[in-house]
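Reviewing the structure listed below.
Where a number appears in this text, it was derived from the coordinates with a stated rule and is not lab data. Remember, it's a predicted structure, so these values are computed and weren't measured experimentally. A quick note on method: Cβ atoms are made from the backbone with ideal geometry, for glycine too, and the neighbour counts reach across all protein chains shown.
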Amino acid sequence: MRFGELRVARLAKKLTPTLTKTKQLSQRLQNAIQCSGLIREGDRVGVAVSGGADSLALLLMLIAIKKKLGITLCVLHFNHKLRGAAADSDEKFVGALAHKYKLPFYSAAAAVKSIAKNDKANLEATARRLRHAFFSQCASEHNLNKIAVAHTTDDQAETVLAHILRGSGVTGLGGIHPRVEKIVRPLLAVSRADLRLYLKGHKQTWREDATNRDTTKTRAHIRKKLIPLLQKEFQPQVVEHLASLANHAREDEVLLQGLAGAQLRRCMELIPGGVRIGVADLLEVQRADTTDVRRDVEGHGQQKSERAGGRAQRYASSDFEAAGLTGLSGRVVRLILGGLKRTRIEVTYGSPGAGQIGAVHVQQVLELARDGRTGSSLHLPGNIEVRRHRDALEFCGKANNATPRREYEYKIDSLPELNSIRVPELGCVFRFTVIDWHGQRGETRLPGEVLDGARLNFPLTLRSWRHGDRFCVSGHSKPEKLKRLFNEKGIDRWQRAGWPVVVTGKDLAWSRTFGASGKFAAHDGTKTGIVIVEEKSL
């Protein structure tokens with residue numbers, strides 16, 4: 001064998017393991033995508049590419065298997081303007097790569113640092129918010145089903161460690177989720193080292209972000225200092241074990257969230273501007289969860305006391321509750337707070353400077369439920385206020401601190417031509433049912449709830465209450481100010497907002513909670529009755 005042939009043979013032998021591994025990696029990605037359903041046939045996928053090794057490897061692998069998956073690709077790049085000319089070079093580099101592979105290229109830029117400074121917000125959180133806003137815009141404008149991002153097993157391990165160090169429950173231990181709405185992360189089971197090996201096997205260069213080496217930043221410090229220390233001194237497979245922990249935590253999270261969601265659906269009540277839940281309903285979850293556990297613990301302690309002289313005293317109920325076993329109650333609180341940002345209620349949760357809801361805030365809400373007095377309240381990040389009113393907690397946008405105005409007015413010319421009125425201001429539908437009234441029939445003997453049709457003068461008006469309104473409670477002979485009746489019933493100023501009444505002429509004929517006015521209620525001589533029912537609008 002000649003010298004040149006020998007060199008080629010040696011080089012081929014040296015490269016064979018790398019080439020084999022890169023093929024295997026593409027196949028692993030394809031199998032993972034098909035098994036998980038993260039990306040499906042026919043999907044239009046935007047690949048978020050920063051120019052770094054991880055996102056470049058994701059792009060090249062998806063290009064290699066796109067025909068087998070039956071998908072179309074485009075490239076997305078967001079320039080954070082944090083590294084001057086280097087950031088602009090990243091954008092040009094990614095754009096050239098998209099052009100090389102004949103893929104559509106969409107980019108945007110924003111001065112993240114100055115925006116974060118103006119908003120008095122965290123730089124990393126601002127960057128993430130603007131980047132995800134760009135992804136959402138691209139998905140809408142270019143009809144993208146999925147946005148693929150390149151978080152790896154190493155990113156997962158770093159995230160879980162960061163959450164542990166910050167103080168986290170099961171939710172935080174779940175780390176980075178494989179899918180959140182349209183954003184998918186198909187590389188969570190792949191290491192950075194394998195991705196760099198893949199790029200080297202394809203002779204593909206990548207861009208390096210110098211800020212990733214800045215160990216004054218928590219994430220970089222974990223990456224460069226803590227994880228290598230753990231691998232060297234404690235557990236070589238620590239990255240894989242942390243990623244596995246995240247998988248198990250997410251599985252548990254799904255179960256626990258399902259239980260909390262079921263409880264919330266049973267007990268939650270929509271109110272103008274927010275949500276109400278009974279204190280007993282909220283803490284019932286906690287008591288139900290801890291009762292069986294306490295019984296097991298105390299029973300175990302009793303067995304030990306029989307053998308070891310009464311040490312079961314350490315399992316006293318007060319100590320047990322002090323241990324912070326709050327069951328699902330905290331999860332119910334988190335679901336309510338998270339739900340506020342997805343409703344019509346205008347709170348700034350997740351917007352610049354809003355902050356995040358943490359374990360300490362959830363604990364404060366639970367303490368308000370256990371020990372708070374009527375009228376006491378909490379102000380939480382995201383402009384959310386939690387108020388204690390008698391035996392309930394009310395969660396509202398802070399913009400509703402002042403008495404909210406929910407004024408409306410709807411005319412009712414006749415019945416039964418018009419038998420329902422939708423009131424979007426309250427999220428309710430009011431149904432008017434005309435019935436034959438027979439004084440001796442038990443099922444219709446509801447004088448406090450049924451209006452006498454003959455006493456009403458059309459058109460009627462369904463409107464929000466006004467100061468000065470007077471109402472005659474059924475069984476009384478004289479009307480009283482509605483405001484006084486509110487006070488007697490303990491209906492606070494937030495609940496009164498948009499309170500519905502039905503007016504005939506200048507008189508109130510019907511009111512929520514109080515039913516038919518004594519002046520217009522059905523009686524033994526009534527022939528035609530009108531029943532008004534308020535229903536939540538779905």
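Checking the a/c ratio against 1.5 first, then a/b against b/c, what shape does the Cα gyration tensor give for the range 30-146? The shape class here is prolate. Label sites at E534 and A359, each approximated as a point 7 angstrom past Cα along Cα to Cβ, lie 4.1 nm apart. Protection proxy ranking of 525-531, 211-217, 97-103, by the mean of other Cβ atoms within 10 Å over each peptide's residues and highest first, is 525-531, 97-103, 211-217.
Close amide H contacts of A522 (hydrogens built in the peptide plane, cut-off under 5 Å, sequence separation of 5 or more or a different chain): V450, L451, D452. Each of the peptides 333-340, 372-379 was scored by the mean count of other Cβ atoms within 10 Å over its residues; in descending order, highest first, they stand as 333-340, 372-379.
Residues of the range 82-121 with amide nitrogen under 20 Å from the 7 Å Cα-to-Cβ point of Q204? Once the point is set 7 Å along Cα→Cβ of Q204, 89-107 turn out to lie under 20 Å by backbone N, inside the range 82-121. Only lysines eight or more places from K527 in sequence, or on another chain, were considered; those with a Cα closer than 18 Å are K519.
Kirkwood analysis of the Cα pair distances in the range 454-538 returns a hydrodynamic radius of 13.6 Å.
Rounded, prolate or oblate for the range 200-241? Axes are the square roots of the Cα gyration tensor eigenvalues, ordered a ≥ b ≥ c, and the cut-off for rounded is a/c under 1.5. The shape class here is oblate. Computed 3J(HN,Hα) for the range 240-252, one whole-Hz value per residue from the Karplus formula 6.51 cos²θ - 1.76 cosθ + 1.60 where θ = phi - 60°, is 5, 5, 5, 5, 5, 4, 4, 4, 5, 5, 5, 4, 5, glycine and proline marked x. Partner lysines whose Cα lies under 26 Å from the Cα of K100, excluding those fewer than 8 positions away in the same chain, are identified as K21, K23, K66, K67, K68, K81, K92, K146, K200, K203. Under a 5 Å amide H cut-off, with hydrogens placed 1.01 Å from N, I384 pairs with K398 among residues at least 5 apart or on other chains. Going by the alpha-carbon gyration tensor, a ≥ b ≥ c the square roots of its eigenvalues, is the range 176-256 rounded (a/c under 1.5) or, if a/c is not under 1.5, prolate (a/b greater than b/c) versus oblate? Because a/c hits 1.5 or more and a/b fails to exceed b/c, the range 176-256 counts as oblate.
Under the 0.36 nm per residue contour assumption, what length would be gained going from the current alpha-carbon distance of R370 and A109 to full extension?
Working: separation 261, 0.36 × 261 = 93.96 nm, distance 4.85 nm.
Using 0.36 nm per residue and subtracting the Cα-Cα distance, I get 89.1 nm.
Relative to a virtual label point 7 Å from the Cα of L82 in the Cα→beta-carbon direction, which members of the range 29-58 show backbone nitrogen distances below 16 Å? Within reach of a label on L82, which here means backbone N under 16 Å from a point 7 Å along Cα→Cβ, the range 29-58 contributes 49-55.
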